[in-house]
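Taken together, the values in this text are just the output of simple stated rules run on the coordinates, not laboratory data. This one's a predicted model, so the numbers in the text were calculated from it and none came from an experiment. Cβ placement follows ideal geometry from the backbone for every residue including glycine, while neighbour counts extend to all protein chains displayed.
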Number of protein chains: 2
Amino acid sequence: MCEYESLERTLEKYIPPDELKEVQRILMGNGSRELELPRCAVEAASARNFELRGCAFGAAPEQLRQPRVVRVGLIQNAIVLPTSAPVLHQIDALHGRLADIVEVAAMCGVNIVCFQETWTMPFAFCTREKMPWTEFAESAEEGHTTRFCRELAKKYNMVVVSPILERDEVHAGTLWNTAVVISNSGSVLGKTRKNHIPRVGDFNESTYYMEGNTGHRVFCTQFGRIAVNICYGRHHPLNWFMYSMNGAEIIFNPCATVGELSEPMWPIEARNAAIANHCFTCAINRVGTEYFENEFTSGDGKKAHRDFGHFYGSSYVAAPDGSRSPGLSRTRDGLLVAELDLNLNQQIADRWSFKMTGRYEEYAKELSQVIQEDFRPNAVRE
Amino acid sequence: MCEYESLERTLEKYIPPDELKEVQRILMGNGSRELELPRCAVEAASARNFELRGCAFGAAPEQLRQPRVVRVGLIQNAIVLPTSAPVLHQIDALHGRLADIVEVAAMCGVNIVCFQETWTMPFAFCTREKMPWTEFAESAEEGHTTRFCRELAKKYNMVVVSPILERDEVHAGTLWNTAVVISNSGSVLGKTRKNHIPRVGDFNESTYYMEGNTGHRVFCTQFGRIAVNICYGRHHPLNWFMYSMNGAEIIFNPCATVGELSEPMWPIEARNAAIANHCFTCAINRVGTEYFENEFTSGDGKKAHRDFGHFYGSSYVAAPDGSRSPGLSRTRDGLLVAELDLNLNQQIADRWSFKMTGRYEEYAKELSQVIQEDFRPNAVRE
């Protein structure tokens, strides 16, 4: 089957310019413009066979604050080697691929780069096999991949968000789905774990790891305050909300999700979070179809098969004013470079005032009732 | 200026069928199909000059439950008389218009109908004038409009959701932005007030009424459990969430909002709420441009003017599986009839499990900290 390339390309191809403008305004908002990227980066991306897109979200000039401009890089990619290759070869091949893309990000002046969920491995949790997939797990602080990312961070003066499968040796070798945040100085700033674990379709992740225990911590980097809401946590508005209340200006959402299941939700959730929380969100999804050696079933009455379905990429950035960037392709590796003026967050917060009008005291009260075993819904009967 | 009619029409007009299918799948999901409506209704809508659209959201057959099929009607409309006409004439003209549309809804078998926000009046809060606009306020229990709606409800065996400007005589004649819910028996089931009041653009509603004090009550009607999240409350994910936790299966969102300000957010928020809360949501927005006798400014440095901008209609229904109906027109009065199998809610909840994986105890704890004056964000520094 030939995968459909992208909504954006179809619209641009068929709709006359005048109407296209209205369509794009309704679908994307007016907030972003195309960002011109250096020729060397464009050429390198082409030579290395990945899509490179740039967009910029501005803010109004202020009198007392300088613009707070930061460039983020969102990277989506397919795995490099077959899933049957030796574990270390698979990891190293992905390190190599990402090094190539990050180098281009550096040419584009990216300050913070975020990779996709569990980026060093195939998304093998569909198989429910423990071996060899748990061998991809690494120490967040001292693992092979963290060392690799620290080198990148230092070399390019870039904050690196590296979502991996973590083995927590300090706590009995437990597995976690974790994002490691590495400062542009090259040191590990900290880690944050996936708060909500799916039980849907082939997302058998609850077989491997539990709900994260790191709360909603936010990382104060030199380029802005960032948080990482991993994958399925995008479906939980309270999750986004709490990162925001802890001060996040940019929330990254590294994912691995497939077409049949979630695609119509994809443009909605991260974007809603940017609107509701007056912040930027960056949704990243892997691309391609991954095949596994042993067949597995999907609890849907269909025959056993060897693939998880198509990871549809479509990574994008959403802004607090309701606008968003175009999405990367559904099929190709890609780097989306987005220039954000973080002043926009406060400007939109002052304009729309969702936080000021949030009535959180009421919700704290109601939520504390909801969780009681004897909770009685507020229902009016005839 | 000629207003742009609708995104859906543009896509259908230009994009070839094969690609249109992919575009619609990504933009709308696969969950709804067109609903055939009786010829008499189609003809009446045409004769009365409003758009009529039908769509249906099905659910899988179950062994122990029958399908729980309900038809909802969403009505969007322009005001009928100029804003300078006598108050009672304006109200009665709107009663007449709505009676015409509701009659068609009855022909289509609608069980629950919802009108737009403060449907008996122009959205005059942009003016900041108290007179004559406060004269549009009525008693929720015994007002002229509630009597009118009770007649409709009884005549057509239809639940009527009637959002009005309320004058609460029992409490010192205070004004509220309120939805009255009338049972299909013709009796007033209750009322529910707008929980979040905007302070943005020309939405000077905080000049007229305060945040609602009726919490997140849900109305158990013969056709399903419903809630009403009025207008600006759609920007607050916690608001939708709490209606859902109180048992709402369908959340109506009657609005009055204009193009320049909110249009790119419009397709996002109610739909995100349907996904996140495993329920149906119905977003309704008025249409047309309303002109006022006295000019007013908008706090945006522009010249004084007499209109609030274009209310862009585009009413739609969103389903828990991430799919949505096409939107009604941006420019015409309209009735959207949606057939919902409410069994879908539980089916999707069991499939996606956002409630089960919601970790509400954690959020109750964190939220109770957030509201403390000495709250210290969970922030990691270098």
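Residue A:21: which lysines have alpha carbons under 19 Å from its alpha carbon, excluding same-chain residues fewer than 8 sequence positions away? The qualifying lysines are A:13, B:13. Checking the table B:130/B:191; A:194/B:355; A:365/B:355; B:130/B:155; A:355/B:355 against a 26 Å threshold on Cα-Cα, which pairs fail? Over 26 Å Cα-Cα: B:130/B:155. Net charge of the neighbourhood of residue B:262, taken over other residues with C-beta under 11 Å away and scored Lys/Arg +1, Asp/Glu -1, is -3. Placing +1 on each Lys and Arg Cβ and -1 on each Asp and Glu Cβ, with no other charges, gives the protein assembly as shown a dipole about its Cα centre of roughly 360 debye. Give the Debye-formula value of log10 I(q)/I(0) at each listed q (0.17, 0.22 Å⁻¹), with one equal scatterer per alpha carbon of segment B:1-133, two decimals each. These q points yield log10 I(q)/I(0) values of -1.11, -1.32. When only the Cβ of Lys, Arg, Asp and Glu is charged (+1, +1, -1, -1), the dipole of segment B:40-137 relative to its Cα centre reaches about 260 debye. With the charge dipole of segment A:7-370 set up from +1 on Lys and Arg Cβ and -1 on Asp and Glu Cβ about the Cα centre, the Cα lying farthest toward the positive end among the listed residues A:294, A:124, A:184 is that of A:184. Take residue B:129, move 7 Å from Cα toward the beta carbon, and the resulting point lies 7.6 nm from the same point in each other copy, nearest first. With contributions of -39500 (n - 2.57) from each DSSP H run of at least four residues, the per-residue ellipticity at 222 nm computed over chain B stands at -8500 deg cm²/dmol. With the charge dipole of the protein assembly as shown set up from +1 on Lys and Arg Cβ and -1 on Asp and Glu Cβ about the Cα centre, the Cα lying farthest toward the positive end among the listed residues A:222, A:50, A:2 is that of A:222.
Amide H to amide H, with H built 1.01 Å from N, residue B:174 comes under 5 Å of B:168, counting only residues 5 or more places away or on other chains. The mean number of Cβ atoms from other chains found within 10 Å of a Cβ in peptide B:260-273 is 6, as a whole number.
Once C-alpha pairs closer than 8 Å and six or more residues apart are averaged by separation and normalised to the residue number of chain B, the relative contact order reads 21 percent. Between B:69, B:161, B:317, the GNM of chain B built on Cα springs shorter than 10 angstrom shows B:69 fluctuating the most. Projecting the Cα positions of A:15, A:210, A:354 onto the charge dipole of chain A (unit charges on Cβ atoms of Lys, Arg, Asp and Glu, taken about the Cα centre) puts A:354 furthest along the positive direction. Near residue B:92: Cβ cut-off under 15 Å, other residues only, Lys/Arg at +1 and Asp/Glu at -1. The net charge is -2.
Among the DSSP beta bridges whose two residues both lie in segment A:7-370, what percent are antiparallel, rounded to the nearest 5? The answer is about 65 percent antiparallel. Electrostatic tally near residue B:353: other residues with Cβ closer than 13 Å to its Cβ, Lys and Arg +1, Asp and Glu -1, net +1. Phi-derived couplings, Karplus 6.51 cos²θ - 1.76 cosθ + 1.60 at θ = phi - 60°, listed residue by residue for segment A:63-70: 7, 9, 10, 6, x, 10, 8, 9 Hz, with x used for Gly and Pro. Under the classification rounded if a/c is under 1.5, otherwise prolate if a/b is larger than b/c and oblate if not, where does segment B:123-176 fall, given a ≥ b ≥ c as square roots of the Cα gyration tensor eigenvalues? Verdict is prolate for segment B:123-176. Taking 4.7 Å between C-beta atoms as the pairing limit, chain A has these partnerless cysteines: A:2, A:40, A:55, A:108, A:114, A:126, A:149, A:220, A:279, A:282. Taking A:175, A:261, A:74 as the candidate residues, the one with maximal mean-square fluctuation in a Gaussian network model of chain A, Cα springs under 10 Å, is A:261. Here the dipole of chain B is about 620 debye; that uses its Cα centre as origin and unit charges on the Cβ of Lys and Arg (positive) and Asp and Glu (negative). The value for chain A of Rg(Cα) / (2.2 N^0.38 Å) is 0.98. Please find, in a Gaussian network model of chain B (springs between Cα atoms separated by less than 10 Å), the residue of B:189, B:328, B:20 whose mean-square fluctuation is greatest. Maximum fluctuation in the GNM of chain B, among the listed residues, is at B:20. For residue A:157, inter-copy separations between label points set 7 Å beyond Cα along the Cβ vector come to 7.5 nm, shortest first. Note on the protein assembly as shown: Kirkwood hydrodynamic radius from all Cα pairs is 26.8 Å, rounded to one decimal. Just to check, using Stokes-Einstein with a Kirkwood Rh over alpha carbon pairs, what's the diffusion coefficient of segment B:278-319 at 20 °C and 1.002 mPa s in µm²/s? Stokes-Einstein gives a translational diffusion coefficient of 170 µm²/s.
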